[in-house]
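Below is one structure, written out as structure tokens; comments come after it.
The values are calculated or read from the model by the stated rules, or taken from the named source; none is laboratory data. The structure presented is a predicted model; accordingly, all values stated were derived computationally and were not measured. Using ideal geometry, Cβ is built from the backbone for each residue, glycine included, and neighbour counts are taken over all protein chains shown. Keep in mind that these areas ignore ligands, DNA and RNA; they rest on the heavy atoms of the full protein, side chains included. Shrake-Rupley method; radii C 1.70, N 1.55, O 1.52, S 1.80 Å.
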Amino acid sequence: MSAVPIIPDAPQEQPWHLPSRGRVAMYCLILGESAIFIIFVVAYVFYIGKSLTGPTPQQVLEIPIFNSICLFSSSVTIMLAERHIEHNRIKQFGLWWAATIVLGLIFLIGTGAEWYKLIYKDGLTISTNLFGTTFYSLVGLHASHVIVGLIGLSLVLAFTITGHVNEKHSERIQILALYWHFVDAIWVVVFTVVYILGR
Amino acid sequence: MLLERHRAKRVTALLFALAAFILPRAYASGPQATPSIFAPDSTPAIGIYGLSLFVLQITGAIFLVVAGLLTYVIIRYRVKNNDDGREPAQIYGSTQVELAWTVIPILIVVVLFLTTARMIFAIQDAPRPTTALDVSVVGHQFWWEFRYPQQGIVAANELHVPVSSTGQPNPTYMKLLSADVDHSFWVPQLAGKTDLIPNHVNEMWIDPLHTGLYVGQCAQFCGTEHAKMLLRVYVDSPDQFAAWVKNQQLPAVQDPAVAAGRHVFETQACMNCHTIRGTVGTGHFGPDLTHLMSRDTLASGAALNNPQNLRQWIKDPDSFKPGSLMPAMQLNDEQLDQLTAYLATLK
Amino acid sequence: MADQALPIRGTLDLTPAQSKRDGMLEILHDWITTVDHKKLGILYILYAILFLLVGGAEALFIRIQLAFPNNHFMSPQVYNRFFTMHGTTMVFLMGMPAIFGFANYLVPLMIGARDMAFPRLNAFSFWMTAFGGLFIYYSFLGGSGLYGVGNAPDVGWFAYAPLTARAFSPGNATDYWAVGLIASGFGTIGSGINIVATIFSMRCKGMTLMRMPLFVWLNLTVSALVLITITPLTAAQIMLCIDRYLGGHFFDTQAGGSAVVWMHFFWIFGHPEVYVLVLPAFAIANEIIPVFSRKAIFGYPAMVTASVGIAFISLSVWAHHMFTVGMTSASNAFFTLSTMLVGIPTGIKIFNWLATMWGGKIRFATPMLFMTAFLFQFLIAGLTGIMLSVSPWDWQLHNSYFVVAHFHYVLVGAILTAIFGGLYFWFPKVTGRMMDERLGKINFWLFLIGFHLTFDVMHIPGILGMPRSIYTYEANRGWGTLNLIVSIGAAIQGIAVLIFAYNMVISLFKGEKAGNDPWDAWTLEWACSSPPPSYNFATEPVVISRRPLWDLKHPEDPDWKYE
Ligand code: HEA
Ligand code: HEA
Ligand code: CUA
Ligand SMILES: [Cu+2]
């Protein structure tokens, strides 16, 4: 559609640039999600050491180092993938993208294993004590975001494999990647709070 | 029409002025049936009252200035009948004016804040005299429990405290606890309110300056009968208070004439929820009944304490307080009579 | 009026004349599946008006019960459900949809866009909100049936823990409340994201940030605020659900949980929420006051700064709702100060409106009447807010009818009043017909009288020690007469609201034809035909000042030379 100045003889403007709406929306979503996480993190921190009964974090929590490394490196792999799509190197893009998904999956499986141990070996469930309540909800909230992220990533991978992705989509893919970076960044906070401060 | 609106605003202003100055003067000091915060009778309430007058004056002045300007603008600049239809001069702003009406409010806020802060600390962090009386107030769905650790008393619903005077302060310090949900202790003539929150101990203090009955009520929505969780504070002279304490310390009256009633009490569910010292009843879910008859009201002010009401209460608590947590006990008339007669001896 | 130059070239309505009328079903289908921001805006507004009537009816029942001491009009259980549902309805199902209705309809038009950034997300948001509301109301049926007015939530709109725990609120009513609010919260967050993205990414050429109408600025602020205030509520509600369904202990005081934490979480949402509601009211005032004073808004940059400032400060004042929960004296002092600071930017706004009117030629059509009342009433409401922020005084006033009077003064006296004004103002744009001016005046004066009778008087029982949320009170307390007056006022308000509803319906069919620009206004929406075509602008407009239509109407003295 062509632009029609309301005042025809008005002084002309410089070129008109607006930010991409997808990017703005993703930043907004991240802002909102951060607020949710802040509330859960605050609740976790507030309730550290306030449980009336065991088990305590010291007794049962192990630091998930391997898991965390996987998740953090997935941020690097997704960045590499972003580079490649910008230059339309679809194959490399697909590889790094798949690597990201695998790393994310490893993280999820790790969390699953950790929960399995906590529930069946240590007898810690969400209703055991305050630690259980806050732990499962905070880590669970993060894990649910990983799952949502993985679903998004897998869709893109499916499109890539079927050959529907090219450099024109790099903007959208970067926006999705932004979400993944956010999920990783949140893990830094959750990790610090749950496994370092809270232990 | 505009003038009318102007007048409406002036009436509002007047109402405020009335609330601020006339109401408190109309009230004598001492307890009132209407527990106005502008008839304070204890140091914290008096301090708050003084502060509130100051704040009312400042906000009142702001109101008069701004509303006055608004009224002026409305009258002065409304479009005239003989208007020429031309647009008025367009003014886009002025930094100086803008600055002026930023700085003046900042100054007002500073003044307001400093006065307020002083009062916060004066009331909240007041040093506790060693002679102060200690009371633990426990909020229950929908009644009050008062424990006097120094005297070893447990009373309910009607708080007794000694009178205080400016020369000889005799304050009562209250620890506020809750057995279930949030409540709030509010006797407007004595002090501001403070909440009773489970798992979170609060404190407040009062030093009433006159003897008599001060009324108030629970001020935090706590369930069905929040409205009938009334509060009565009896301020006693030192002698009265000592006598009251002495009576409360006694075990329950044992009158063989009402043994049948006592038997009903001890064999029905009553004893699960109520304590009467000297009987098998040691429950804590309901008020301690050891000295039931020393109270003027039943069920935290829901009804006057007389035998008819007492009987009716036991028969069907919902008739006074629908939704109270005491169940109707399904007793027959004879049992009810016996029970009432027994309870009526618990002076 | 200066209509000759209109419509401007960019905004011709090129829709071909409809040949046949659609059937009812098709129209219905059209509205349900619509992704058009204008239709969604209308849906939001209709939804809000519906719930204004429902919530208002609840208020009337409350007032009947309280009109006399020891009244037996309703049982305590029903009363508690009614005031909880009244507060929840008015805030979440009336207030929020109303403001999003205005934003949805007007923001794209004002910035010269053809639609929102994400039309389908927009529709999703509306239906989530609608679903959430219906879900909450379903609790009347879903609990123990209609008999005894069902089992609606009865824990107050701030639902303090641990009253909401399973032990104290058995049954499902509280769950309907929590889940309904989570659902409508998702809708709200979606709308927030959408509006921010629209404003950042869809502006027409030349519409720089500092040229956007203040209405748009305020909605940008509100939407950004929504993102960080609704989300804590969502988080807290999730925790509540975890407690109630999975046996969690967040707010379980028996297991070491804290009731105070819920209060903090709720008010971290709850306080900014009230500014979320009031800023759109400011937005409406920002458009109406200049037009009817015939002057440009005074101090545009100051207005923008003040609005953003209010939003920022409002994030740090939440605990002024908690002065009585036993915080340290230092925290009480801090929250007193931060709360009072909000008065400064708010004052700037009031003074700027005053200055806008100063030297103007004020035309008192119905929208402007509502705005005048808004100014007075908001002033008073703000000043009673300042009184409440004086924490020692708040120890007395907290949870008394003085607080109820304060917040109705804002919610009804400022927000609802502004919404009425806004509806009178934009109704012609939306429907192509003017609202009846005579009925409008009756509506205004009745509402004004009813409002003041109700809420001016309501301050006094608060001062006399009457707490809120009580279903009845003793005769000897001396609150009876005052409450009767309050109830009479509420009835008058009710009549005024009904007149308003009647006026809307009758004007829709019989109203005078409006034309594009009935108020001789200056922002872009008035350049479109009334109602605007579905694509808004046939060609993208280009603007060079804050008041494009002023420039068009006054080529000799255009705005852009001064900005
Ligand atoms: C949209 C709604 C809205 C708005 C805008 C406000 C605005 C304000 N509110 Fe209000 N408030 C509510 C809605 C609102 N409030 C609700 C719903 C509740 C109760 C919730 C519940 O418990 O259910 C509540 C409760 C509430 C409380 C808690 C009371 C209690 O429960 O104990 C307090 C305490 O500080 C408060 C203060 C304020 C202040 C200081 C402002 C300020 O923003 C006002 C600022 C405006 C002015 C000050 C006037 C104009 C300024 C000038 C003319 C400049 C000069 C002035 C000065 C320098 C002072 N409000
Ligand atoms: C925007 C918000 C808003 C609005 C507009 C209102 C409007 C009104 N409110 Fe409300 N109110 C709240 C928000 C609001 N309120 C909140 C948040 C609470 C706190 C709740 C809590 O503590 O949990 C509250 C609480 C509250 C109480 C305190 C209850 C208590 O604590 O016990 C009272 C009491 O008088 C009251 C009265 C009124 C009245 C008379 C109106 C009037 O202005 C209403 C006027 C409108 C009408 C009268 C509608 C007209 C309709 C008809 C006449 C017929 C209807 C027809 C059909 C359904 C077909 N409100
Ligand atoms: Cu106890 Cu309200
Ligand atoms: Cu607030």
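In this structure, is B:Ala126 away from ligand 2 (no atom under 16 Å from the Cβ) and surrounded by 12 or more Cβ atoms within 10 Å (Cβ to Cβ)? Even if it seems obvious, please write down each step before you answer.
On the way: away from ligand 2 (no atom under 16 Å from the Cβ): yes; surrounded by 12 or more Cβ atoms within 10 Å (Cβ to Cβ): yes.
When the stated conditions are applied, B:Ala126 passes them.
Can you pull out the residues in region A:87-98 that are surrounded by 14 or more Cβ atoms within 10 Å (Cβ to Cβ) and part of a helix (DSSP H, G or I)?
Passing the criteria: A:Ile90, A:Gln92, A:Phe93, A:Gly94, A:Leu95, A:Trp96, A:Trp97, A:Ala98.
Have a look at C:Leu508, C:Leu498, C:Leu484 and point out the one that is free of Cβ contacts under 8 Å to residues at least 12 places away in the same chain, away from chain B (no Cβ under 14 Å) and outside any loop (DSSP other than H, G, I, E, B).
Numbers: C:Leu508 fails: free of Cβ contacts under 8 Å to residues at least 12 places away in the same chain; C:Leu484 fails: free of Cβ contacts under 8 Å to residues at least 12 places away in the same chain.
Unique residue meeting the criteria: C:Leu498.
Matching residues to (1) more than 7 Å from chain B (Cβ to nearest Cβ); (2) under 23 Å from the mean Cα position of the chain (by Cα):
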position	(1), (2)
C:Val342	yes, yes
C:Pro345	yes, yes
C:Thr356	yes, no
C:Ala373	yes, yes
C:Phe376	no, yes
C:Gly385	yes, yes
C:Ser389	yes, yes
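Restricting the search to region C:317-329, which residues are open to solvent by less than 40 Å² (accessible area, probe 1.4 Å), part of a helix (DSSP H, G or I) and within 11 Å of ligand 4 (Cβ to nearest atom)?
Listed by number, the residues that qualify are C:Ala319, C:His320.
If I filter region A:152-170 for residues that are within 14 Å of chain C (Cβ to nearest Cβ) and either closer than 15 Å to A:Trp97 by Cα or in contact (Cβ under 8 Å) with a residue 60 or more places away in the chain (or both), do I get at least one hit?
Kept after step one, since they are within 14 Å of chain C (Cβ to nearest Cβ), are these residues of region A:152-170: none.
No, region A:152-170 has no match at all.
Take region B:277-294 and flag every residue that is within 21 Å of B:Ala243 (Cβ to Cβ) and in a loop (DSSP other than H, G, I, E, B).
B:Arg277, B:Gly278, B:Asp288, B:Leu289, B:Thr290, B:His291
Among the residues of region C:464-481, what is the count of those that are at pLDDT below 95 and outside any loop (DSSP other than H, G, I, E, B)?
5
Can we say A:Lys117 is charged (D, E, K, R), surrounded by fewer than 19 Cβ atoms within 10 Å (Cβ to Cβ) and part of a helix (DSSP H, G or I)?
yes
Restricting to helices (runs of 4 or more DSSP H) lying wholly in region C:72-143: which have 3 or more residues that are among the hydroxyl-bearing types (Ser, Thr, Tyr)?
Working: elements: C:76-88, C:96-110, C:119-142.
Fully inside region C:72-143 and qualifying: C:76-88, C:119-142.
With the structure loaded, tell me whether C:Ala161 is within 14 Å of chain A (Cβ to nearest Cβ), surrounded by fewer than 24 Cβ atoms within 10 Å (Cβ to Cβ), in a loop (DSSP other than H, G, I, E, B) and among the small types (Gly, Ala, Ser) or whether it fails that test.
Details: within 14 Å of chain A (Cβ to nearest Cβ): yes; surrounded by fewer than 24 Cβ atoms within 10 Å (Cβ to Cβ): no; in a loop (DSSP other than H, G, I, E, B): yes; among the small types (Gly, Ala, Ser): yes.
Against the criterion (within 14 Å of chain A (Cβ to nearest Cβ), surrounded by fewer than 24 Cβ atoms within 10 Å (Cβ to Cβ), in a loop (DSSP other than H, G, I, E, B) and among the small types (Gly, Ala, Ser)), C:Ala161 does not qualify.
Could you tell me whether region C:394-414 includes any residue that is more than 25 Å from C:His321 (Cβ to Cβ) and either among the polar types (S, T, N, Q) or in contact (Cβ under 8 Å) with a residue 24 or more places away in the chain (or both)?
no
Answer with yes or no whether B:Phe221 is open to solvent by 10 Å² or more (accessible area, probe 1.4 Å) and within 16 Å of ligand 1 (Cβ to nearest atom).
In short, yes.
Just checking, which of C:Val107, C:Val91 is near ligand 2 (Cβ under 7 Å from one of its atoms), within 22 Å of the chain's Cα centre (by Cα) and of a type in the set (A, V, I, L, M, F, W, C)?
So the residue among C:Val107, C:Val91 that is near ligand 2 (Cβ under 7 Å from one of its atoms), within 22 Å of the chain's Cα centre (by Cα) and of a type in the set (A, V, I, L, M, F, W, C) is C:Val91.
Among the listed residues A:Leu150, A:Leu155, identify the single one that is farther than 25 Å from C:Ala236 by Cβ and open to solvent by 20 Å² or more (accessible area, probe 1.4 Å).
On inspection, the qualifying residue turns out to be A:Leu155.
Being open to solvent by 10 Å² or more (accessible area, probe 1.4 Å) and within 16 Å of ligand 2 (Cβ to nearest atom) narrows it down to one of C:Trp177, C:Trp267, so name that one. If you could, list the steps in order and put the result at the bottom.
Details: C:Trp177 fails: open to solvent by 10 Å² or more (accessible area, probe 1.4 Å).
Result: C:Trp267 is the single residue among C:Trp177, C:Trp267 that is open to solvent by 10 Å² or more (accessible area, probe 1.4 Å) and within 16 Å of ligand 2 (Cβ to nearest atom).
Quick check on region C:236-272: of everything there that is part of a helix (DSSP H, G or I) and aromatic (Phe, Trp, Tyr), which residue is nearest to the other protein chains (Cβ to nearest Cβ)?
C:Phe265
Quick check: anything in region C:184-193 open to solvent by 10 Å² or more (accessible area, probe 1.4 Å) and not in a helix (DSSP H, G or I)?
No: zero hits.
For region B:29-67, which positions are at the interface with chain C (Cβ under 7 Å from one of its Cβ atoms), touching a residue at least 24 places away in the same chain (Cβ under 8 Å) and of a type in the set (Val, Ile, Thr)?
Hits for region B:29-67 are B:Ile37, B:Ile48, B:Val55, B:Ile62.
Being facing chain C (nearest Cβ under 10 Å), assigned to a helix (DSSP H, G or I) and not polar (S, T, N, Q) is the filter here, so list the residues in region B:68-84 that pass it.
Selection gives B:Leu69, B:Leu70, B:Tyr72, B:Val73, B:Ile74, B:Ile75, B:Arg76.
With the structure loaded, tell me whether C:Lys441 is under 30 Å from C:Met110 (Cα atoms), facing another protein chain (nearest Cβ under 10 Å), more than 16 Å from ligand 4 (Cβ to nearest atom) and in a helix (DSSP H, G or I) or whether it fails that test.
In short, yes.
Exactly one of (1) among the aliphatic types (A, V, I, L, M); (2) within 23 Å of B:Thr34 (Cα to Cα); (3) more than 8 Å from every other protein chain (Cβ to nearest Cβ); (4) out of contact with any Phe, Trp or Tyr (no Cβ under 8 Å at 6 or more places or on another chain) is unmet by C:Ala490. Its number?
Among (1) among the aliphatic types (A, V, I, L, M); (2) within 23 Å of B:Thr34 (Cα to Cα); (3) more than 8 Å from every other protein chain (Cβ to nearest Cβ); (4) out of contact with any Phe, Trp or Tyr (no Cβ under 8 Å at 6 or more places or on another chain), the lone unmet condition for C:Ala490 is (2).
For (1) closer than 30 Å to C:Thr208 by Cβ; (2) touching an Asp or Glu at 6+ places or on another chain (Cβ under 6 Å); (3) within 14 Å of ligand 2 (Cβ to nearest atom), each residue gets a yes or a no:
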{"site": "C:Gly494", "(1), (2), (3)": "no, no, yes"}
{"site": "C:Val505", "(1), (2), (3)": "no, no, yes"}
{"site": "C:Leu508", "(1), (2), (3)": "no, no, no"}
{"site": "C:Gly511", "(1), (2), (3)": "no, no, no"}
{"site": "C:Pro518", "(1), (2), (3)": "yes, no, no"}
{"site": "C:Trp522", "(1), (2), (3)": "yes, no, no"}
{"site": "C:Pro533", "(1), (2), (3)": "yes, yes, no"}
{"site": "C:Pro548", "(1), (2), (3)": "yes, no, no"}
{"site": "C:Asp557", "(1), (2), (3)": "yes, no, no"}
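So which of C:Gly347, C:Gly360 ends up being farther than 19 Å from C:Leu225 by Cα, more than 16 Å from ligand 3 (Cβ to nearest atom), without any contact (Cβ under 8 Å) to a residue 40 or more places away in the chain and surrounded by 22 or more Cβ atoms within 10 Å (Cβ to Cβ)?
C:Gly347
Residue by residue, here is whether (1) at negative phi; (2) touching a strand residue (DSSP E or B) at 6+ places or on another chain (Cβ under 9 Å); (3) modelled with pLDDT of 95 or more; (4) among the small types (Gly, Ala, Ser) holds:
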{"site": "B:Ser164", "(1), (2), (3), (4)": "yes, yes, no, yes"}
{"site": "B:Asn199", "(1), (2), (3), (4)": "no, yes, no, no"}
{"site": "B:Leu209", "(1), (2), (3), (4)": "yes, yes, no, no"}
{"site": "B:Gln220", "(1), (2), (3), (4)": "yes, yes, yes, no"}
{"site": "B:Thr224", "(1), (2), (3), (4)": "yes, no, no, no"}
{"site": "B:Tyr234", "(1), (2), (3), (4)": "yes, yes, yes, no"}
{"site": "B:Pro238", "(1), (2), (3), (4)": "yes, yes, no, no"}
{"site": "B:Pro251", "(1), (2), (3), (4)": "yes, no, no, no"}
